[in-house]
């Protein structure tokens, strides 16, 4: 069996009575630090937003005309496709209903 140390030598860390509130920040210091963190976080958010807006503005400046031209051609092509589909639907409807049927033809 292991022998104990005896009562002559105190265990490490037990000789000092520590106050629970020792080392905790005061209310004023806590308020100051909390405010500092909040303002720093807000600054960081605004800086990120500003950088994103600047990046978008730079992209528009560099490629704006090309993008607008591409979007215009895509819109025209889509419009033509929609018209073609509409005409195909009308032709199919007329064929099924016999609207274009001429008597005597077979």
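Things worth noting here:
- Test: residue in region 74-81 that is at positive phi, out of contact with any strand residue (DSSP E or B) (no Cβ under 9 Å at 6 or more places or on another chain) and at pLDDT below 95: no
- Filter pass, residue 55 being at pLDDT 65 or above and under 26 Å from the mean Cα position of the chain (by Cα): yes
The values are calculated or read from the model by the stated rules, or taken from the named source; none is laboratory data. Note that the structure is predicted; figures quoted are calculated from it, not measured. Because the Cβ atoms are built from the backbone with ideal geometry, glycine has one as well, and the counts that use them run over all protein chains shown.
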